[in-house]
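Bear in mind these aren't lab numbers, they're just calculated from the coordinates by the rules spelled out. Only a predicted model underlies this, so the values are computations on that prediction, with no experimental measurement involved. No Cβ is skipped: glycine too gets one built from the backbone with ideal geometry, and neighbour counts run over all protein chains shown.
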Amino acid sequence: MSSWKDPEIAGVRALIASRQPAPGAPAPSIAERRAAMDAFGEMGALPPGCRHEPMTIAGVKAERIEPTGVIDGRRILYLHGGAYVAGSPKSHRPLVARLAQAARAVAISADYRLGPEHRFPAAVDDAVAVYRAMLEAGAEPERTIIAGDSAGGGLTLATALALKEQDLPQPAGLFVISPWADLTQGHDTFRTKAEDDPMITRGRLIEAADDYLGGLDPLDPLASPVFGDFTGLAPMLIQVGSEETLLGDSLLVAERAGHARVDVRLEIWPEMIHVWHAWGGQLSAARRAIAAAGAWMDERLGG
């Protein structure tokens, strides 16, 4: 068993462990996982003065989040995590609000379609449709960031690849947190980090990939962006924890981007777990990571 220098991450790990099903208990259903994620999001506080409201854009349900201090014209399209089968703007509202505040931007959090009800490439189609509609409504690509965590991080990269295919302009940047970008689960970190990751297992992701793909090819770059050609994609910031089974996906994304001469920054945060940013109330490392991402986005979005 590893020991942790950061006492805050030890506390978060204890909280996660206390919420795990008892040994031998059935795994939660997709409906239960969706409800639990939404409940987690509703427990989080928003920055003072931050407003949120439902909206529909390009036929896709979404949420508009506006913190105080927004610089006019700045936009974030946020794609939530949840293994393509769970998650929503509600589950990620506190995280998106903190990121929007850090970037001084209005965020559009897309409620893209989920598997198994809506299988690949429904999520990609929705993300591209929302981005296209944002541009048609006046958003400037050079003042827009596409961002996401976990499956939403993979979807962010897939969206950028789809924009390239469709000759749509790239955004100012792509910010991904702990991206799930290889649906074959092929990297060795699923083995080397299995003991230290309290959240993500290879078996669980295999099930989620099956639900999302519905028998389609996981090597399709719009499903697993690590198999795509990153040439011409927007600059990228990748933030990932050192204790994640998904660490390998971030390493692969950075490698592919580097080979394609994309401006890419990879940050591996010591002792951190999957999407630790969501624990902003408990972890100073989460707040520091969000601040660093905000500074990166601020630099790319302009005045």
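Legend: ranking of residues D6, D72 from fewest to most surrounding C-beta atoms inside 10 Å; resulting order D72, D6. Summarising the amide proton neighbourhood of D149: residues at separation of 5 or more, or on other chains, whose placed amide H is nearer than 5 Å comprise L79, G81, I177. Summing +1 for each Lys or Arg and -1 for each Asp or Glu among the other residues whose beta-carbon sits under 13 angstrom from that of G232 gives -1. When +1 charges are put on Lys and Arg Cβ atoms and -1 charges on Asp and Glu Cβ atoms, the dipole computed for the chain relative to its Cα centre reaches about 660 debye. Considering all alpha-carbon pairs of region 67-195, what whole percent are spaced by more than 19 angstrom? Counting every Cα pair in region 67-195, those more than 19 Å apart make up 48 percent.
Region 218-289 and region 32-69 have Cα centres spaced 23 Å apart. The fraction of Cα-Cα pairs per 10 angstrom bin, counted from 0 for the chain, comes to 6, 30, 39, 21, 3, 0 percent, rounded to whole percents.
Pairs of alpha carbons in region 59-100 separated by more than 11 Å make up 69% of all such pairs.
Using the Cβ of D196 as centre and a radius below 10 Å, the other residues enclosed give a net charge of -3, where K and R count +1 and D and E count -1.
Of all beta bridges that DSSP places with both ends in region 30-301, some 30 percent have antiparallel geometry. Note on region 55-122: antiparallel DSSP beta bridges, both residues inside, total approximately 60 percent of the bridges counted.
Note on M134, M199, M43: ascending count of other Cβ atoms within 10 Å places them as M43, M199, M134, the fewest first. Cβ crowding within 10 Å ranks L157, L114 as L114, L157, fewest other Cβ atoms first.
Out of every Cα-Cα pair that region 22-108 contains, those further apart than 15 angstrom amount to 61 percent.
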